[in-house]
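What follows is a single structure, written as structure tokens, with notes after it.
The values are calculated or read from the model by the stated rules, or taken from the named source; none is laboratory data. Because the structure is predicted, anything quoted here is derived from the model rather than measured. Cβ placement follows ideal geometry from the backbone for every residue including glycine, while neighbour counts extend to all protein chains displayed. Only protein heavy atoms, including side chains, enter the accessible area calculation; ligands, DNA and RNA are left aside. Shrake-Rupley method; radii C 1.70, N 1.55, O 1.52, S 1.80 Å.
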Amino acid sequence: MVPSSSNWYPLLDTLADSVNPILAFFAIVVALREWRRSSPTVAMVCLGSAALGLLGIYAVQFLDATFSIWRGLRGDYSTHAAFATSVVMSLAFWWPRRRVLLVLLWAAYLLLIVIMGYHRPVDVLTSSVVACAVTLPWQIAARRVVSQRSE
């Protein structure tokens, strides 16, 4: 864990705080690219499926706050890890040539969350698994809509 007294802390904290907004920005850029490249409908499906994945992670956050799910397991739901996981998963579906880069960025961010002491590895892992579970169905459905539209 990086102590707050470390000279590295301000830089790493700023880096950690900027990852999710940058991921959200790229999701919008990818949707705009789809808008120009294929159609406004495909772009809206892209953004809609990503938004529904994010809605899912915040629904889990609400449920956790209401029922103390993670606290009952002596843990802490990491909304930051869940957000990053959901957006990276969405981007990986819509930006396949960048999947490896996205996964590396995602893994580095999750490691940074742990190194900074924001969350324990088990909290990051469980939050990420839940984010996958609530995002994947929307991405699969979106792919089906887009592929049916192109037939």
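List of remarks:
- Spatial separation of Cα centroids for region 78-99 and region 10-68, in angstrom: 8
- Compared with the dominant principal axis of the Cα atoms in the chain, helix 9-37 is inclined by about 10°.
- Summed over the residues of the chain and divided among them, the accessible surface reaches 60 Å² per residue at a probe radius of 1.4 Å.
- Axis angle, to the nearest 10 degrees, between helix 121-150 and the longest C-alpha principal axis of the chain: 10 degrees.
- In degrees, nearest ten, helix 99-115 long axis to first principal axis of the chain (Cα): 20
- Annotation for region 25-109: trypsin sites (Lys or Arg not before Pro) lying in DSSP loop with at most 14 further Cβ atoms inside 10 Å of their Cβ are 74.
- Fraction of accessible area attributable to carbon and sulfur, the chain (%, probe 1.4 Å): 70
- Over the residues of the chain, the helix contribution to mean residue ellipticity at 222 nm works out to -28500 deg cm²/dmol, using -39500 (n - 2.57) for each DSSP H run of at least 4.
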